[in-house]
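Bear in mind these aren't lab numbers, they're just calculated from the coordinates by the rules spelled out. Remember, predicted model here, so these are calculated numbers, not experimental data. Don't worry about glycine lacking a Cβ; one is built from the backbone with ideal geometry, like all the others, and counts go over all protein chains shown.
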Amino acid sequence: MEKVREAANTSELLVEKRGAVAILTLHRPQVLNALSDSLLREVTSEMEQLDQDPGVRVMVLTGGDKVFAAGADIKGMAEASSAQMQISDRLANWERIRKISKPIIAAVSGYALGGGCELAMSCDLIVASEKAVFGQPEILIGVMPGAGGTQRLTRAIGKYRAMEFILTGSRFTAQQGMEWGLINRVVPPELLMEEAMALAEEIASKPPLAVRLAKEAVSWAQDVELGEGLLKERQHFYKLFDTEDQKEGMRAFLEKRKPNFKGK
Ligand code: DAK
């Protein structure tokens, strides 16, 4: 296992590599991992670096066992003007996370509220502990979700449920989230990282180019009209026939042996 290192010279984000999986841990315990501009920027930059790192195939984003993130740092924006909010690079960071090509798994325990819930939903899969609590409480402090909450939550759990949570600011559990299609797996708190790692390692064992294009294609399903999505899916499918891993995968099947994928 590679030594834990601190990213970007602060102690607010910890990055560790275990084999082909990189684990990013939010670490601002005194404010329940509230996402300051600088922390969000670090998460984004670190993800971009890991996206370019050939040794990494999957990322796991967590806040540890107590809290995922209680939202954007309210202290940092309480007195901000609309213009200041708009010119901050916050929105750009969210867009950059959306462009990460490797799969990201959120491993959530405790509160995932506001920007914290939005950050979990920016990931590709969500594994949650039984103690995880989700919500978009922005309405309680005079605003509304601004980093994808109204769109991603609605697409995941449906308009009527999302409307209720966003208009009342009430919270829902991991179990509810799983029943509604937002959460992949709910596990006892002590098994959270084990389960997230097992899922990450399973995906990391798959041919990386196919994983990357498949992630992109699934994401289109939320973004584009069906005809366009099907067309783009087919283009990605054809592209994979230019890869060695496609030849290896199909030959291995026919030769009744395990494939050895190289990411080429
Ligand atoms: N920001 C700053 N500090 C926070 C915080 C937050 N979001 N959440 C908690 N803390 C701090 C508390 O102030 C407290 O600090 P001290 O008093 O000890 O100095 C410490 O963390 C422990 O919190 P509590 O004492 O409140 O702990 P409890 O267990 O009693 O309650 C709680 C936990 C999570 C229920 C409560 O802390 C809470 O309601 N927190 C706020 C949750 C919230 O409203 N989240 C949404 C924030 S708004 C943008 C896009 C999106 C956004 C912003 C910009 N752009 C595109 C520009 C996102 C906005 C949001 O997320």
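State whether the residues of the range 7-30 include one that is within 16 Å of the ligand (Cβ to nearest atom), touching a helix residue (DSSP H, G or I) at 6+ places or on another chain (Cβ under 6 Å) and closer than 20 Å to Met197 by Cβ. For the range 7-30, residues within 16 Å of the ligand (Cβ to nearest atom), touching a helix residue (DSSP H, G or I) at 6+ places or on another chain (Cβ under 6 Å) and closer than 20 Å to Met197 by Cβ: absent.
Scanning the range 39-84 for residues that are among the polar types (S, T, N, Q) and in contact (Cβ under 8 Å) with a residue 40 or more places away in the chain, we see that the one that is farthest from the ligand (Cβ to nearest atom) is Thr62. Taking every residue in the range 126-139 that is among the aromatic types (Phe, Trp, Tyr) and pairing it with any residue that is within 11 Å of the ligand (Cβ to nearest atom) and not in a loop (DSSP other than H, G, I, E, B), at least 6 positions away or on another chain, the pairs with Cβ-Cβ distances below 8 Å are Phe134/Ala112; Phe134/Leu113; Phe134/Cys117; Phe134/Arg171. Number of residues in the range 221-261 that are exposed (fewer than 12 other Cβ atoms within 10 Å of the Cβ), aromatic (Phe, Trp, Tyr) and either closer than 17 Å to Ser101 by Cα or under 28 Å from the mean Cα position of the chain (by Cα) (or both): the value is 1.
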